[in-house]
Amino acid sequence: MKKILIINGPNLNMLGKREPMVYGQDTLDEIIKETEKKVAGRVELQWFQSNIEGEIVTKIQEAHGSDIDALVINPGGYSHTSVAIHDALKILDVPIVEVHLSQIYARESFRHTLLTAKAASSIMSGFGKHSYYLAVSALLDQKE
């Protein structure tokens, strides 16, 4: 069975409370449960969330050389600013999908620059809570 690490950045622990018109009503825990249910038996998902950039960098570094087959990351606001997360992602030799719940190009112009996405294999944006499931499904369907 494949193993995918899913990293969530700042403020994603506040889903359901923070701008529900943009990010939806579901909490991160609810999104995790729904995603896990949809992929049960197909893949092992490991979830991590931190509001601290250094903890996210460390988690990515720990993934290097581990038994994960892919990484899904929602860097939150760090996607627009974090050279450190970008550089950490560059050390991985597995597929990386950057996820955004909202359609970032329909939002404020400062959100249009994605530093971290430059280190990703692909981007999933604008599908709300389904973005995680779609990213995992795409990774599972990729031919090796």
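The values are calculated or read from the model by the stated rules, or taken from the named source; none is laboratory data. In this text, all values refer to a predicted model and were calculated from it rather than measured experimentally. Positions of Cβ are generated from backbone atoms using ideal geometry, with glycine treated the same way; all protein chains shown enter the neighbour counts.
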I need every pair where a residue in region 122-136 that is over 14 Å from ARG42 (Cα atoms) has its Cβ under 7 Å from the Cβ of a residue that is among the acidic types (Asp, Glu), sequence separation at least 6 or different chains. ILE123/GLU98; LYS129/ASP26; LYS129/GLU34
Enumerated helices (runs of 4 or more DSSP H) restricted to region 21-94, each holding at least 1 residues that are of a type in the set (S, T, N, Q): 28-39, 53-63
Could you tell me whether region 36-53 includes any residue that is under 14 Å from the mean Cα position of the chain (by Cα) and surrounded by 22 or more Cβ atoms within 10 Å (Cβ to Cβ)? no
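Before we move on, is TYR105 surrounded by fewer than 18 Cβ atoms within 10 Å (Cβ to Cβ), at pLDDT below 95 and either in a strand (DSSP E or B) or among the hydroxyl-bearing types (Ser, Thr, Tyr) (or both)?
Details: surrounded by fewer than 18 Cβ atoms within 10 Å (Cβ to Cβ): yes; at pLDDT below 95: yes; either in a strand (DSSP E or B) or among the hydroxyl-bearing types (Ser, Thr, Tyr) (or both): yes.
Against the criterion (surrounded by fewer than 18 Cβ atoms within 10 Å (Cβ to Cβ), at pLDDT below 95 and either in a strand (DSSP E or B) or among the hydroxyl-bearing types (Ser, Thr, Tyr) (or both)), TYR105 qualifies.
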Residue pairs qualifying under the 9 Å Cβ cut-off, at least six apart or on distinct chains, with the first in region 40-63 being farther than 15 Å from SER82 by Cα and the second being among the basic types (Lys, Arg) and assigned to a strand (DSSP E or B), are ARG42/LYS2; VAL43/LYS2; VAL43/LYS3; GLU44/LYS2; GLU44/LYS3; LEU45/LYS3; GLN46/LYS3
Kindly indicate whether LEU114 is at pLDDT below 95, of a type in the set (A, V, I, L, M, F, W, C), part of a loop (DSSP other than H, G, I, E, B) and within 27 Å of GLN142 (Cα to Cα). yes
Find all pairs meeting these conditions: Cβ atoms under 8 angstrom apart; at least six residues apart or on different chains; first residue within region 71-83 and at positive phi; second residue surrounded by fewer than 24 Cβ atoms within 10 Å (Cβ to Cβ) and among the hydrophobic types (A, V, I, L, M, F, W, C). GLY76/LEU12
